[in-house]
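For reference, the structure discussed in these notes is given below.
The values are calculated or read from the model by the stated rules, or taken from the named source; none is laboratory data. Everything numeric in this text was worked out from a predicted model, so none of it was measured. Here the Cβ is made from the backbone with ideal geometry for all residues, glycine too, and neighbour counts use every protein chain on show. Just so you know, the surface numbers come from the protein's heavy atoms only, side chains and all, with ligands and any DNA or RNA stripped out. Shrake-Rupley method; radii C 1.70, N 1.55, O 1.52, S 1.80 Å.
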Amino acid sequence: MIMESSLIKESPLLLPLNKEKTVYDGFITVQEKDFRIRILLPLDHQVKRAKFHCCWQLKHLLRGYEQIVKQRLQHSADLVSFLLELKTVMEVAMKSHPECRSIPPPQYYSQLISEMEALGWDKLVFIDTEFCTLRLKADDSSGRQHALTVVLKAKHPAETPDCSADLPVPLDLKWTPQSTLGQLHAQFLLVVESLAGFWEVLDEIDTKTWVLEPEKPSRADTMRRIAIGTNVSIKVEVDPRHPKMLPECCLLGADHVVTPLRNKLNANMHLWNPDASILLNLQDVLETELPSPATHEKSNFSIECGICYAYRLESAIPDQVCNDPRCGQPFHQACLYEWLRALPSSRQSFNIVFGECPYCAKVRNFTCNNISHKSLL
Ligand code: ZN
Ligand code: ZN
């Protein structure tokens, strides 16, 4: 009796066809979609000897999961627990067979079309075959192009869609069940307009200097590593909400070049003008003209690692430099660490490794971040 009532609760569309209750026929429902099934039990009702039949749609969905279903059938204590196991397997299978999911009601499509008509079809750059994922373009007043990706909850159109975009700040769009795509798009435009000053600062850096990192900055990237000279660069972290304020700066390179630059940076910091761009301010406080594509070749700054002879190792660039002014060879941190680890003469103290430069054989100390937890020996 207990099993009976929980069976009705779990699978109300599955009913016994005979008095002995050995033949069950009906439907199993997963993610609002019904699949026809038939279960034949032996007279002692032992599920492990039951036979399971299903419609071709479910057979298609369970392709590759047959062994698991068979195994679940053999190990389930009763019919209800088998049906629960089966539903779990079906839910997993649905994820890899999206075409088996049920389709949204027809008014979903007509609503979508009328909202797109109101917004303008020229704003639509992509729509998936299920009409759930849309990419809308938005041009800001400075002529920059942005894209808003909206994933609509087709089966529950009143639920908040998932919105994402290439932005340096979290995207927080207001949504009510009455909201339209046009309203989402208008809110998104306000967000990108509010960031115009941030992108202006970075666009200037990207076009007028040699940016070593990131390789291809996205609109969301707030960091730039800018070449100052051979083997010396500055890493700046721009605040998207206050793009002209003094950013977090970090100078990278050999000591004999970095030290005088750091002294200038510290001495001139008070000259930082929050009305001028970061690029102009950087040149003022460092008292140097930053090399630009107009004046220098990029190859002057993208010098390969002296160990692996490559510039990029995964995404890292050589940022360890031999401190001997006559050498100055750059290395990837990972390459250098592996190299020094193999030498018996190397020593490590916290995150500083003392060892011979692979190039000039002078004993130098190299700072290896992120490896302080490992030991050299
Ligand atoms: Zn390397
Ligand atoms: Zn060296």
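For the range 5-97, run through the GluC sites (Glu not before Pro) and keep only the ones in DSSP coil with at most 14 other Cβ atoms within 10 Å of their Cβ.
Counting only loop positions with at most 14 other Cβ atoms within 10 Å, the GluC sites (Glu not before Pro) in the range 5-97 are Glu20, Glu32.
Over the Cα atoms of the range 197-300, what radius of gyration and what Dmax do you get, in Å?
My reading of the Cα-based Rg and Dmax gives 12.8, 35 Å.
Under a 5 Å amide H to amide H cut-off, with H placed in plane at 1.01 Å, what residues pair with Leu313 once short-range neighbours are removed?
Hits under the 5 Å cutoff: none.
With a cut-off of 8 Å between alpha carbons and a minimum separation of six or more residues, what is the relative contact order of the range 197-300 in percent?
Computed value for the range 197-300: 28 percent relative contact order.
Relative contact order for the chain using alpha-carbon pairs under 8 Å, separation at least 6, rounded to a whole percent?
So the answer I get is 7 percent.
Using only the alpha carbons of the chain, determine the length spanned along each of the three principal axes and report them from longest to shortest in whole angstroms.
Computed over the Cα atoms, the extents are 95, 63, 32 Å.
On the Cα set of the range 2-96, report Rg and Dmax in Å, please.
For the range 2-96, the Cα radius of gyration and maximum Cα-Cα distance read 12.4, 39 Å.
Report the Stokes-Einstein translational diffusion coefficient (µm² s⁻¹, integer) for the range 106-194, Rh taken as the Kirkwood radius over Cα pairs, at 10 °C with viscosity 1.306 mPa s.
119
Counting only residues 5 or more places away or on other chains, whose amide H sits under 5 Å from the amide H of Leu14 once H atoms are built in the peptide plane?
Amide H neighbours of Leu14: Phe27.
About its Cα centre, what dipole magnitude does the range 96-173 give when the only charges are +1 on Lys and Arg Cβ and -1 on Asp and Glu Cβ, stated in debye to the nearest 20?
Value, rounded to 20: 100 debye.
Percent relative contact order of the range 2-96, based on C-alpha pairs within less than 8 angstrom and at least six residues apart?
Relative contact order of the range 2-96: 23 percent.
Computed FRET efficiency, Cβ-Cβ of Lys9 and Ser315, R0 35 Å: what is it to the nearest 0.05?
Computed FRET efficiency for Lys9 and Ser315: 0.10.
Label Gln111 and Phe131 with points 7 Å out from Cα along Cα→Cβ: what is the distance between them in nm?
Inter-label distance under the simple model: 1.2 nm.
Can you give the FRET efficiency for Asp122 and Glu215, using 1/(1 + (r/R0)^6), R0 = 41 Å, r = Cβ-Cβ distance, to the nearest 0.05?
0.80
Can you send over the carbon and sulfur percentage of the accessible area for the chain, probe radius 1.4 Å, protein chains only?
55
For the range 299-311, just list the computed ³J(HN,Hα) in residue order, Karplus coefficients 6.51, -1.76 and 1.60, θ = phi - 60°, integers in Hz, with x standing in for Gly and Pro.
Karplus values, whole Hz, x for Gly and Pro: 4, 5, 10, 9, 7, 5, 5, x, 9, 9, 6, 10, 8.
Rounded to the nearest 10 Å², what accessible area does Val363 show when all protein chains are kept and the probe is 1.4 Å?
Rounded to the nearest 10, that gives 100 Å².
Hey, with R₀ at 45 Å, roughly what FRET efficiency would Glu204 and Lys87 work out to, going by the Cβ-Cβ distance, to 0.05?
The formula returns an efficiency of 0.20 here.
Could you put Met94, Met245 in order of accessible surface area, largest first, with the 1.4 Å probe and the full protein assembly present?
Greatest to least solvent exposure: Met245, Met94.
Report ³J(HN,Hα) in whole Hz for each residue of the range 245-251, in order, from the Karplus equation J = 6.51 cos²θ - 1.76 cosθ + 1.60 where θ = phi - 60°; Gly and Pro get x.
3J(HN,Hα) across the range 245-251, in whole Hz: 6, 3, x, 5, 10, 8, 8.
Can you sort Lys155, Lys70 by 1.4 Å-probe accessible area, starting with the largest?
From most accessible down to least: Lys70, Lys155.
What number, rounded to the nearest 500 deg cm²/dmol, is the helix-based mean residue ellipticity at 222 nm of the chain, given -39500 (n - 2.57) per DSSP H run of at least four residues and division by all its residues?
Estimated from H runs of four or more residues: -9500 deg cm²/dmol.
Given labels modelled 7 Å from the Cα in the Cβ direction, how far is it in nm from Glu66 to Ala267?
8.1
Hand me the tally of lysine pairs in the range 2-96: alpha carbons under 15 angstrom apart, and the pair either on different chains or 8 or more positions apart.
12
Output wanted: per-residue J couplings in Hz (rounded whole) for the range 13-25, from phi through Karplus 6.51 cos²θ - 1.76 cosθ + 1.60, θ = phi - 60°, x for Gly and Pro.
9, 10, 10, x, 9, 10, 5, 6, 6, 10, 10, 10, 9
Collect residues whose amide H, placed 1.01 Å from N in the peptide plane, falls under 5 Å from the amide H of Leu212; neighbours closer than 5 in sequence don't count.
The answer is Arg225, Ile226, Ala227.
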